[in-house]
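The values are calculated or read from the model by the stated rules, or taken from the named source; none is laboratory data. All of these numbers come straight from a predicted model, not from anything done at the bench. In this analysis, Cβ positions are derived from the backbone assuming ideal geometry, glycine residues included, and neighbour counts consider all displayed protein chains. These accessible areas exclude ligands, DNA and RNA; they are computed on the full protein's heavy atoms, side chains included. Shrake-Rupley method; radii C 1.70, N 1.55, O 1.52, S 1.80 Å.
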Amino acid sequence: MQDRYDFKSIEKKWQDIWKDEEAFKTEEDYSKEKFYVLEMYPYPSGNLHMGHVRNYSIGDVISRFKKMSGFNVLHPMGWDSFGLPAENAAIKHGAHPVEWTNNNINEMKKQLDSLGISYDWEREVSACDPDYYKWTQWIFIQFFKNGLAYKKDNPVNWCPDCQTVLANEQVVEGCCERCDTPVIKKYLSQWYLKITDYADQLLDNLDRLDGWPEKVKAMQKNWIGKSEGVDVKFPIDGEDKDLIVYTTRPDTLFGVTYMVLAPEHPYVTEFTKGTKYESAVNAYIEECSHKSELERTSLTKDKTGEFIGKYAVNPVNGDKIPIYISDYVMLDYGTGAIMAVPAHDQRDFEFAKEFDLEILPVVAVEGVDVDHLTEAASAEGIMINSGKYTGMNNKDAIIAISDDLEAKGFAHKTINYKLRDWLISRQRYWGTPIPMVYCEDCGWVPEKDENLPVLLPTDVQFTGKGTSPLATSKSFRNCPCPKCGKPAEREIDTMDTFLDSSWYFLRYTDAKNDNSAFDTKKVNYWMNVDQYIGGVEHAILHLMYSRFFQMFLNDINLCDYDEPFRNLLTQGMVTKGYYDSKNNYTVAKMSKSLGNVVSPAEIQNKYGADTARLFILFTAPPEKELEWSDAGVEGSYRFLNRVYRLVMEYIKNIRGEKRNLDKIEIVNSADRHLNYMINATIKKVTEDAGGRFNFNTAVASIMELVNEMYRYMQNEEINTPLFNKAIEILLTVLNPFTPHITEELWQMLGHKDRLYASKWPEYDTKALIKDEVEVIIQINGKLKDKITLPNNTEKEVAEKAAKELKKIQAALSDKEIIKTIFVPNRIINFVVK
RNA sequence: GCCGGAGUGGCGGAAUUGGUAGACGCCGAGGACUUAAAAUCCUCUGAGAAGAGAUUCUCGUACCGGUUCGAGUCCGGUCUUCGGUACCA
């Protein structure tokens, strides 16, 4: 017998068989309960990394487990195949993005199959496939027709390196999320989707998503950033205009000592034109416009600004207060103007100190000397210096002051969101063309349905510079207006690739439909996604955009659900330790630049796919970070060899005889214990792999069963129906984790059927009841001794038996028992003094 | 600052409802097999103390306190750490 099992031939053999048998093909069966398990589709970079392996191993265990449990399982895979790397490769190597992308897809597909992941490849989707992006375009047009897509001239985030605009969500700390280049503001006319119309629904529905991690929900909540306050009207002295500001603290209105406008606010040039303030103000605006987003939002920098020569009138007391401009006020939040209360807002406090403006406290905060502030007092307190509101609790004053001002027409309650509309135009080639046409007479008109898809032209030049590559196509731009037929021009920008990924999970339910994006009956059968699995880096971007799409498609009656993903599992990163430049041991996400990458192919060559899967699932719970350990991989490999040898030993043992498959007989305590372990393992794996997704503890319990079987084998006859059952259960419950080796051993036992198609075992609750149980004996809650008693021994009997134990007698000799706590089959606790 | 997690052996991690803390695995030590090594199998493996030894005692889940017969688990406070987010008015 070989020392180590031959994973290379076994894994290849079974992957070929599954393919031939169409083992994982899924069809609609409306009579059967469905389960839709989905892993986030990857960008086809051409190479699988360990993060992918983890993601897909988790999904595959769930998928295989649910299939064996009797569900009609949908487990598809596809490609997020539009995007910059393909285009950059085209610029660099001259290959067309479509070739580069499709080569990568073929390569990655092979790698996925070599891991034994059970995908139904007949439902494969690829974002860059015209049969797919036709419907992305069609959905965009539905947004347009419903007034949710619009083109607008706006200051936008521009990445000078990627040569394209970015959505707010793609700007991380003032830099491009892709290349880390500081983002600059540009004025451009761009397409937007009105996600802000769904702000409340996106927020409110979060409460219903109880299968989502708190963390992700909190991140989305913060991002939407709902705040309730009031818009207050400040008349401007000497002008026939009012200044509207948004505040959440109307209780501090008596403490307003100046006003601030964003430098870009339209009033600024209007009020300063031709005045002595004009040159200084314009210089300041000019200075701000050169600052990057990063510089401007930096908290550490000193406050700057300019007085614009005008005064506003405070509606609560008629005070005249100076108006400044400063870049600490943002044009795109609230009204782009604020009332400044230096005593109670830290930013205003800093500005007031810099410009020597009055700091007037209006809320007495406990424990703070408000007349000698060293920083703003933003906590709650009692109103002071506030006319008739003085003495009130500031929380009550918020309501009283806003109500009074509202009655006088100076205020109204408002809600503000941080969420902005989604800028979806990209000045790049490799994306879905925006299917819009500009006609001088008709304005922006969507392409006719029958002309979809608007195909990406092939006669373009990739320079990576200047305007959208589509502008260089001779064939693309000119077209007739879909409405009036006159010569018109196509939009030359493409869509953000996040649109492609905002509905791909719907397309899987009906991937080959030529007549619509998906069939309503099919989509309603399969949706929602019962279990979605992916990295937490998509907590806001992809997961919020997809929810938005789903809500919209629900509103236009294309499907019955307003949330796409019922349960979400955010897997942790795969990390590995390395020695940095100062020779310190550091653990970090695997990355080429750090040199701490372990490639899946390398591990598969050395140990096989089953070992790679097992190690990843066993080493850490799925949502936690997983630190790669070569020794740990060895351990997983060792375990699989142990399983292999165990089954070979059993087969060897029955050679020449018939396998004893009679009725199971439990003849001794060893049998009873093995039978207990068999059933306990089924129970544990069913609960851990099927419900809690704690695959690590599920695997641990299978390991315990194997250990027990080795012990049993040393002393007992193993050609018995009971041991045969142990072997078969072992292979069955291990199958979702390591499908190749278990399928092979199953066949070697003589089975003609397949393990992947077999039924998940049920456990016998009677076998889990032990005849005898170990009861612990405590004195004052501390463990003193243990006693073995018949199951369900009564309190009196147990207590008597416990008191007869020598240790307990000794411990109780000079004590008085006040009370005895008895938990059946568990604990006797003597409370003594 | 605000929001959300997490702190358990040498390491990854168990303990699902308040009931034997440390399952399972890694590392390590010892033994068996072997000419030898690898592989495999068996035993031990939280810390400290006492004992020749079987064994016994004490401490121990970031820290301080509380509730309880009993707390890794519940409550109050503190610290550390990770992730997200922020001149958002």
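Scan segment A:445-466 and tell me whether some residue there is within 19 Å of A:Trp138 (Cα to Cα), assigned to a strand (DSSP E or B) and in contact (Cβ under 8 Å) with a residue 24 or more places away in the chain. Checked segment A:445-466: at least one residue is within 19 Å of A:Trp138 (Cα to Cα), assigned to a strand (DSSP E or B) and in contact (Cβ under 8 Å) with a residue 24 or more places away in the chain.
Of the candidates A:Ala539, A:Ala517, A:Ala488, the single residue that is touching a residue at least 24 places away in the same chain (Cβ under 8 Å), crowded, with 18+ Cβ neighbours inside 10 Å and within 23 Å of the chain's Cα centre (by Cα) is A:Ala539.
Looking at this structure, is A:Tyr644 of a type in the set (Ser, Thr, Tyr), out of contact with any helix residue (DSSP H, G or I) (no Cβ under 6 Å at 6 or more places or on another chain) and surrounded by 15 or more Cβ atoms within 10 Å (Cβ to Cβ)? Answer is yes for this residue. The numbered conditions (1) over 21 Å from A:Ala698 (Cα atoms); (2) outside any strand (DSSP E or B) are all true for A:Tyr36 except (2). Determine which single condition A:Asp814 fails, assuming it passes every other condition in (1) near RNA strand B (Cβ under 10 Å from one of its atoms); (2) at pLDDT below 85; (3) part of a loop (DSSP other than H, G, I, E, B). Result: A:Asp814 fails condition (1) only. When A:Gly431 is tested against (1) surrounded by fewer than 21 Cβ atoms within 10 Å (Cβ to Cβ); (2) closer than 21 Å to A:Val98 by Cα, exactly one condition is not met: (1).
Answer with yes or no whether A:Tyr5 is assigned to a loop (DSSP other than H, G, I, E, B), within 25 Å of A:Val647 (Cα to Cα) and open to solvent by less than 30 Å² (accessible area, probe 1.4 Å). Reasoning before the result, please.
Values: assigned to a loop (DSSP other than H, G, I, E, B): yes; within 25 Å of A:Val647 (Cα to Cα): yes; open to solvent by less than 30 Å² (accessible area, probe 1.4 Å): yes.
So A:Tyr5 fits the description; yes.
Total residues in segment A:201-223 satisfying the condition of being polar (S, T, N, Q) and under 19 Å from A:Leu553 (Cα atoms): the figure is 2.
Among the residues of segment A:337-348, the one identified as within 6 Å of RNA strand B (Cβ to nearest atom) and under 21 Å from A:His412 (Cβ atoms) is A:Ile338. The set of residues from segment A:411-438 being at pLDDT 95 or above and more than 31 Å from the chain's Cα centre (by Cα) comprises A:Met436, A:Val437, A:Tyr438.
Of the residues in segment A:702-716, at least one is more than 13 Å from RNA strand B (Cβ to nearest atom) and more than 21 Å from A:Arg4 (Cα to Cα).
Condition test on A:Tyr198, is it more than 12 Å from RNA strand B (Cβ to nearest atom) and buried (at least 20 other Cβ atoms within 10 Å of the Cβ)? Against the criterion (more than 12 Å from RNA strand B (Cβ to nearest atom) and buried (at least 20 other Cβ atoms within 10 Å of the Cβ)), A:Tyr198 qualifies. One residue stands out in segment A:137-161 among those that are open to solvent by less than 10 Å² (accessible area, probe 1.4 Å) and within 17 Å of A:Ile492 (Cβ to Cβ): the one that is farthest from RNA strand B (Cβ to nearest atom), namely A:Gln137.
Per-residue answers, yes or no, for (1) more than 7 Å from RNA strand B (Cβ to nearest atom); (2) farther than 30 Å from A:Asp771 by Cβ; (3) of a type outside the set (A, V, I, L, M, F, W, C):
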{"residue": "A:Lys624", "(1), (2), (3)": "no, yes, yes"}
{"residue": "A:Ser629", "(1), (2), (3)": "no, yes, yes"}
{"residue": "A:Gly632", "(1), (2), (3)": "no, yes, yes"}
{"residue": "A:Leu640", "(1), (2), (3)": "yes, yes, no"}
{"residue": "A:Lys652", "(1), (2), (3)": "yes, yes, yes"}
{"residue": "A:Lys683", "(1), (2), (3)": "yes, no, yes"}
{"residue": "A:Thr697", "(1), (2), (3)": "no, no, yes"}
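Pairing each residue of segment A:670-687 that is surrounded by fewer than 17 Cβ atoms within 10 Å (Cβ to Cβ) and aliphatic (A, V, I, L, M) with any residue that is outside any helix (DSSP H, G or I) and modelled with pLDDT under 95, provided the two are 6+ apart or on different chains, yields C-beta distances under 8 Å for A:Ala670/A:Glu716. Remark: A:Gln809 matches the filter, which requires a residue to be open to solvent by 90 Å² or more (accessible area, probe 1.4 Å), within 13 Å of RNA strand B (Cβ to nearest atom) and either outside any strand (DSSP E or B) or more than 26 Å from A:Ser669 (Cβ to Cβ) (or both). All conditions in (1) surrounded by fewer than 20 Cβ atoms within 10 Å (Cβ to Cβ); (2) in contact with a Pro (Cβ under 8 Å, 6 or more places away or on another chain) hold for A:Leu115, with the sole exception of (1). The combined condition, being among the aliphatic types (A, V, I, L, M) and either open to solvent by 10 Å² or more (accessible area, probe 1.4 Å) or part of a loop (DSSP other than H, G, I, E, B) (or both), is not fulfilled by A:Val53. Quick one: in segment A:39-50, which of the residues that are in a loop (DSSP other than H, G, I, E, B) and within 21 Å of the chain's Cα centre (by Cα) is surrounded by the fewest Cβ atoms within 10 Å (Cβ to Cβ)? Filtering first and then ranking leaves A:Ser45.
Among the residues of segment A:56-88, write down those that are within 25 Å of A:Tyr132 (Cβ to Cβ), open to solvent by 10 Å² or more (accessible area, probe 1.4 Å) and in a helix (DSSP H, G or I). Once the filter is applied, which keeps residues that are within 25 Å of A:Tyr132 (Cβ to Cβ), open to solvent by 10 Å² or more (accessible area, probe 1.4 Å) and in a helix (DSSP H, G or I), segment A:56-88 yields A:Leu84, A:Pro85, A:Asn88.
Taken together, A:Asn780, A:Asn829 contain a single residue that is near RNA strand B (Cβ under 8 Å from one of its atoms), of a type in the set (S, T, N, Q) and surrounded by 17 or more Cβ atoms within 10 Å (Cβ to Cβ), which is A:Asn829. Restricting attention to segment A:783-806, the residues that are more than 14 Å from RNA strand B (Cβ to nearest atom), in contact (Cβ under 8 Å) with a residue 24 or more places away in the chain and under 22 Å from A:Met677 (Cβ atoms) total 1.
To keep it simple, each residue is scored yes or no on (1) modelled with pLDDT of 95 or more; (2) over 26 Å from A:Gly690 (Cα atoms).
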site	(1), (2)
A:Val73	yes, no
A:Pro85	no, yes
A:Val98	no, yes
A:Met108	yes, yes
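Note on segment A:74-110: residues that are more than 27 Å from the chain's Cα centre (by Cα), touching a residue at least 24 places away in the same chain (Cβ under 8 Å) and closer than 29 Å to A:Ala609 by Cα amount to 1. Taken over segment A:733-752, the criterion of being more than 13 Å from A:Leu640 (Cα to Cα), part of a helix (DSSP H, G or I) and open to solvent by 10 Å² or more (accessible area, probe 1.4 Å) is satisfied by A:Trp746, A:Gln747, A:Met748. Just to verify a result, which residue in segment A:308-336, among those that are of a type in the set (A, V, I, L, M, F, W, C), in a loop (DSSP other than H, G, I, E, B) and open to solvent by 20 Å² or more (accessible area, probe 1.4 Å), is nearest to RNA strand B (Cβ to nearest atom)? The selected residue is A:Met330. Residues in segment A:407-424 that are on the phi < 0 side of the Ramachandran plot and open to solvent by less than 70 Å² (accessible area, probe 1.4 Å): how many? Total satisfying the criteria: 11.
Consider segment A:359-379. How many of its residues are surrounded by 12 or more Cβ atoms within 10 Å (Cβ to Cβ) and either over 42 Å from the mean Cα position of the chain (by Cα) or not in a loop (DSSP other than H, G, I, E, B) (or both)?
9
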